[in-house]
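K.L.:
The structure follows.
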Amino acid sequence: MENIEKYLSQCPTYPHWKRIGIKNHHGFCIILSSIRSKKSCGIGEYTDLLPLIDWCKKIDMDVIQLLPINECYFKDYSPYNAISSCALDPIYLGLESLPFLEENRWLKDQIKSFKKYNHTRRVKFDKVRKKKLKWLKTYYNIFSKKFQNSSSYISFIKQNFWLKPYSVFRVLKDYNHGKKWYRWKKNIQNPDERTVENIFLKFNKNTKFYIFLQYLSFNQMMLVKNYATKNNVLIKGDIPILINPDSVDVWYYRSFFDLSHIAGAPPDDFNIKGHKWGFFLFNWQALKDKNYSWWKQKLLVITNIYHLYRIDHAVGFFRIWAIKKKDKAIHGQFLPRNLKIWRKQGEEHLKMLIKFSPLLPIAEDLGFIPNMVYSSLKSLGICGTKVPRWEKKINMRDYEPISLTTLSTHDTETNDLWWQSHKKNAKTLSKTNLWPYQEKLTFELKKRILYDTHHSASIFHINLLQEYLSLFQELVDKNAKNERINISGVIKKSNWTYRIKPTIEELLSNEKLINVLKDIVN
């Protein structure tokens, strides 16, 4: 570790590393919607993270990694498809923990009607969202005056100038029955500051409601961060590089985006047609001309709620597969077209992130990545990501130390499922890591594999929570396919609706699991 610190001391991220400690960090990753406690109202909530922090500490881990928690809209469950780069999703508000609730017995009793959604096999996003927003509107009508003159509420609005265009967009979204902004009336498709101000005042009560929900959401997440800090646990967020075309960002900050191209992935061994993601590209020159104000705003927001963060699709800062709107993915091209400027561009963008936030970034650099990206990330002191199944000829103890080891991701099969369906690769991986290959994963082999991920050469060791739960069959679904969070590029009703089987209370009381996980970490 001494050599790692010596190297990092020469990197621009050194102050960021010092904030969290240059040492081995161990943790687990969740999609917030998947957890539940006795207090939950049909979905994982911000305040559910408080007892989860207790459990994290109990198993001798110090990182909880969250998939994005920005606000999404009805019928779209992907946390990577938010309608705002800054707004948190009020669907995750912990209703039982809201202030003044004890003063209205009737409203408190209404919470009981949410509990049936805690027991569904998968998360019922739309039903929970609709019901929660209706309940929160009633809460707002009853209690909002108690907040509006408070110094913290006034300060929150002053410090977050993104709230005004966001709240206007949110109200217009409702007013237009959920239609995408480019299907609204022409006079509100291309807003300027005056248009936003006029709509804000015209629909003042409704815009204030959405600002109020953001205030409550950020308060709960700041409470979570503070509690985590006191318990020496780090909250790791996730920052998508791209944004939903139907978002306040594209609607209001139009000049920061290139609407003539769609981002995607080129053809490869896994998808011979390539992939069209549906996100617009950034207009990096326009962003630079405004001193990256859009990114600065986004980074300032996350500083209040996280200790560090994951950069999704980090290679996109260097170059991105760009497809003309009407073309197929296979006809795309990398932009910039000049390979010689990829590194310079990527480092300029990453240094911007480092400059504008004291939080340490960790890169998702998976897939077909140019070698210069790896060396560039290392020179900046930014961890890349190591997934053993894709590093099957490299022993985990030989990984690049400035990295994160994880068995699987939200877009892949869990290790159980991968082991069943990729036997040849599983044999190779076993040979590389000196495991006794077995066609069926036993408890002992699962534990050994998890142990090795936590004792790889990487400085970060984080696995999906279900990877640990799978040690005990009663804690996961009998069908390993149901433990997968998302199948990328495939439209399925089950995508993102995954629910962890045990409640947080059950995790806290499961001494057998706790002891095994402590053995794995230590």
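K.L.:
Which members of the range 131-179 meet the condition of being more than 26 Å from residue 252 (Cα to Cα) and among the hydrophobic types (A, V, I, L, M, F, W, C)?
P.N.:
135, 136, 142, 143, 147
K.L.:
What's the total number of residues in the range 379-406 that are under 29 Å from residue 15 (Cα atoms) and either touching a strand residue (DSSP E or B) at 6+ places or on another chain (Cβ under 8 Å) or β-branched (Val, Ile, Thr) (or both)?
P.N.:
Within the range 379-406, residues that are under 29 Å from residue 15 (Cα atoms) and either touching a strand residue (DSSP E or B) at 6+ places or on another chain (Cβ under 8 Å) or β-branched (Val, Ile, Thr) (or both) number 14.
K.L.:
Residue under question is residue 187, and the condition is that it be of a type outside the set (Asp, Glu) and at pLDDT below 95; does it hold?
P.N.:
The answer is yes for residue 187.
Each row is one residue, and each column tells you yes or no for (1) over 23 Å from residue 231 (Cα atoms); (2) among the hydrophobic types (A, V, I, L, M, F, W, C).
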position	(1), (2)
13	yes, no
25	no, no
30	no, yes
41	yes, yes
44	no, no
47	no, no
56	no, yes
60	no, no
63	no, yes
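K.L.:
What's the number of the condition residue 277 fails, among (1) out of contact with any helix residue (DSSP H, G or I) (no Cβ under 8 Å at 6 or more places or on another chain); (2) surrounded by fewer than 18 Cβ atoms within 10 Å (Cβ to Cβ)?
P.N.:
Here residue 277 meets the rest and fails (2).
K.L.:
Looking at the range 133-172 only, could you name the residues that are out of contact with any helix residue (DSSP H, G or I) (no Cβ under 8 Å at 6 or more places or on another chain) and of a type in the set (Lys, Arg)?
P.N.:
Within the range 133-172, 134, 145, 146, 158 meet the criteria.
K.L.:
A further question follows. Output the number of the condition that residue 413 fails; it satisfies all remaining conditions of (1) under 14 Å from residue 456 (Cα atoms); (2) assigned to a loop (DSSP other than H, G, I, E, B); (3) modelled with pLDDT of 95 or more; (4) among the charged types (D, E, K, R).
P.N.:
(1)
K.L.:
Could you tell me how many of the residues in the range 1-36 are acidic (Asp, Glu) and surrounded by 12 or more Cβ atoms within 10 Å (Cβ to Cβ)?
P.N.:
Going through the range 1-36 one residue at a time, the tally reaches 1.
K.L.:
Does the range 440-459 hold any residues that are part of a loop (DSSP other than H, G, I, E, B) and either touching a residue at least 60 places away in the same chain (Cβ under 8 Å) or in contact with a Lys or Arg (Cβ under 8 Å, 6 or more places away or on another chain) (or both), and which are they?
P.N.:
So in the range 440-459, the residues part of a loop (DSSP other than H, G, I, E, B) come out as 440-442, 454-459.
454, 455, 456, 457, 458, 459, listed by residue number.
K.L.:
Return yes or no: is residue 23 free of Cβ contacts under 8 Å to residues at least 12 places away in the same chain and either within 20 Å of residue 463 (Cβ to Cβ) or assigned to a helix (DSSP H, G or I) (or both)?
P.N.:
no
K.L.:
For the range 75-90, what are the residues that are more than 17 Å from residue 237 (Cβ to Cβ) and at pLDDT 95 or above?
P.N.:
Here is the first cut: in the range 75-90, the ones more than 17 Å from residue 237 (Cβ to Cβ) are 75-77, 83, 90.
Result: 77, 83, 90.
K.L.:
As an exercise: evaluate residue 37 against (1) under 25 Å from residue 468 (Cβ atoms); (2) not acidic (Asp, Glu); (3) not in a loop (DSSP other than H, G, I, E, B) and give the number of the one condition it does not meet.
P.N.:
(3)
K.L.:
Look through 520, 462, 485 and report the one residue that is surrounded by 19 or more Cβ atoms within 10 Å (Cβ to Cβ), modelled with pLDDT of 95 or more and part of a helix (DSSP H, G or I).
P.N.:
Result: 520 is the single residue among 520, 462, 485 that is surrounded by 19 or more Cβ atoms within 10 Å (Cβ to Cβ), modelled with pLDDT of 95 or more and part of a helix (DSSP H, G or I).
K.L.:
I want to confirm something. Restricting to the range 393-412 and keeping residues that are of a type in the set (Val, Ile, Thr) and within 24 Å of residue 484 (Cα to Cα), which single residue is surrounded by the most Cβ atoms within 10 Å (Cβ to Cβ)?
P.N.:
406
K.L.:
Quickly run through the range 182-231 and pick out the residues that are among the hydroxyl-bearing types (Ser, Thr, Tyr) and closer than 30 Å to residue 20 by Cα.
P.N.:
Of everything in the range 182-231, those that are among the hydroxyl-bearing types (Ser, Thr, Tyr) and closer than 30 Å to residue 20 by Cα turn out to be 215, 217, 227, 229.
K.L.:
Out of the residues in the range 339-370 that are farther than 25 Å from residue 238 by Cβ and modelled with pLDDT under 95, state the one that is farthest from the chain's Cα centre (by Cα).
P.N.:
340
K.L.:
Looking at (1) over 23 Å from residue 92 (Cα atoms); (2) surrounded by fewer than 15 Cβ atoms within 10 Å (Cβ to Cβ); (3) not basic (Lys, Arg), which one does residue 161 not meet, given that it meets all the others?
P.N.:
Among (1) over 23 Å from residue 92 (Cα atoms); (2) surrounded by fewer than 15 Cβ atoms within 10 Å (Cβ to Cβ); (3) not basic (Lys, Arg), the lone unmet condition for residue 161 is (1).
K.L.:
Which members of the range 89-109 meet the condition of being among the polar types (S, T, N, Q) and either part of a loop (DSSP other than H, G, I, E, B) or touching a Phe, Trp or Tyr at 6+ places or on another chain (Cβ under 6 Å) (or both)?
P.N.:
Residue satisfying the conditions is 104 alone.
K.L.:
Hey, can you tell me all the residues within the range 155-168 that are closer than 14 Å to residue 218 by Cβ and of a type in the set (A, V, I, L, M)?
P.N.:
157, 163
K.L.:
Listed residues 128, 168, 123; which is outside any helix (DSSP H, G or I) and in contact (Cβ under 8 Å) with a residue 24 or more places away in the chain?
P.N.:
123
K.L.:
From the list 56, 86, 72, pick out the single residue that is touching a Lys or Arg at 6+ places or on another chain (Cβ under 7 Å) and either within 27 Å of residue 138 (Cα to Cα) or not in a loop (DSSP other than H, G, I, E, B) (or both). Steps first, please.
P.N.:
Numbers: 56 fails: touching a Lys or Arg at 6+ places or on another chain (Cβ under 7 Å); 72 fails: touching a Lys or Arg at 6+ places or on another chain (Cβ under 7 Å).
After applying the criteria, what remains is 86.
The values are calculated or read from the model by the stated rules, or taken from the named source; none is laboratory data. The model shown is predicted, which means the values in this text are computed figures rather than measured ones. Neighbour counts run over all protein chains shown; Cβ positions are idealised from the backbone, glycine included.
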